[in-house]
Amino acid sequence: MRIADMNWMQVEENLKTDDRAVVPLGSTEQHAYLSLLTDTLIPERLAREAAEPLGIPVFPAVPYGLSPYFSAFPGTVTLRLETYLNLIRDILDNLSRAGFRRIVFVNGHGGNAPAGSLALEWMAEHPGHQVKVFDWWIAPKTLAKIQEVDPVGSHASWIENFPWTRLAGVVFPEESKPLIDKALKSVLDPAAFREAVGDGNYGGVYQRPDEEMMAIWEVAVAEAREIIEEGWA
């Protein structure tokens with residue numbers, strides 16, 4: 001259930017029997033022909049669909065993350081590392097204060113990896129708490145399904161092209177783009193990286209049939225639900 005559909009009294013009542021919470025982590029950054037909020041729209045929807053049958057509160061998605069390498073693309077908003085880590089810590093502190101002890105971050109952006117390191121540090125400082133980070137696109141079952149459909153794909157390619165991440169009236173190129181060297185984002189400044197990346201797709205075709213995408217989505221939802229429901233100490 002979404003926190004947007006609850007009041008504080010309902011949250012307090014829910015905490016009497018379940019101390020789990022789900023927080024989607026996203027980003028606002030270039031995704032070629034897809035929405036700038038692709039990395040937010042995916043984990044937000046995934047968290048909601050995965051947690052709904054379990055009756056576990058889903059908090060609003062964090063729409064900003066770490067993507068300095070895309071800062072030359074208009075519309076991209078990237079936080080400083082210090083800001084992001086403080087934000088994640090503040091979220092965890094407040095959830096703990098409310099009574100949540102088992103927290104799942106459903107992550108939609110690879111650049112948000114420092115959140116996982118912060119979570120480990122935070123757990124060491126807060127005995128009795130558990131924090132999981134679910135990176136949907138590299139989760140084992142989901143990744144296997146993705147590779148079954150098409151082994152060639154990456155950032156802003158078909159892998160992230162769902163009905164809810166594409167934009168009305170936008171026509172996608174029909175060719176398959178060669179994979180770029182991802183290491184370039186670590187050695188080039190943002191302007192040079194934009195020049196190297198071109199439209200922003202890292203490689204692969206731009207779109208695949210929706211039936212294939214929904215088959216992947218079903219696996220991702222089921223895998224996210226397993227993470228939320230099982231494996232707690």
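The values are calculated or read from the model by the stated rules, or taken from the named source; none is laboratory data. Treat the numbers as computed from the prediction; the structure is a model and nothing was measured. Every residue, glycine as well, gets a Cβ built from its backbone with ideal geometry; the counts of neighbours run over all protein chains shown.
Summary table
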| quantity | calculated |
| --- | --- |
| Subset of segment 190-233 [touching a strand residue (DSSP E or B) at 6+ places or on another chain (Cβ under 7 Å), within 19 Å of GLY153 (Cβ to Cβ) and buried (at least 20 other Cβ atoms within 10 Å of the Cβ)] | ASN201, GLY204 |
| Pairs with Cβ under 9 Å, 6+ apart, first in segment 111-130 and over 21 Å from TYR64 (Cα atoms), second among the basic types (Lys, Arg) and part of a helix (DSSP H, G or I) | GLU121/ARG89 |
| Residues being under 16 Å from ALA32 (Cβ atoms) and of a type in the set (Asp, Glu) - total across segment 163-190 | 2 |
| Of all residues in segment 16-73 being over 11 Å from the mean Cα position of the chain (by Cα) and among the charged types (D, E, K, R), the one that is nearest to ILE227 (Cα to Cα) | ARG20 |
| Residue within segment 35-56 that is outside any helix (DSSP H, G or I), small (Gly, Ala, Ser) and in contact with a Ser or Thr (Cβ under 8 Å, 6 or more places away or on another chain) present | yes |
| Members of segment 139-160 that are in a helix (DSSP H, G or I) and closer than 13 Å to GLN207 by Cβ | VAL149, TRP158, ILE159, GLU160 |
| Count - residues of segment 172-231 that are assigned to a helix (DSSP H, G or I), at pLDDT 95 or above and of a type in the set (Lys, Arg) | 2 |
| Search result, residues across segment 72-85 that are in contact with a Phe, Trp or Tyr (Cβ under 9 Å, 6 or more places away or on another chain) and farther than 29 Å from TRP122 by Cα | ALA72 |
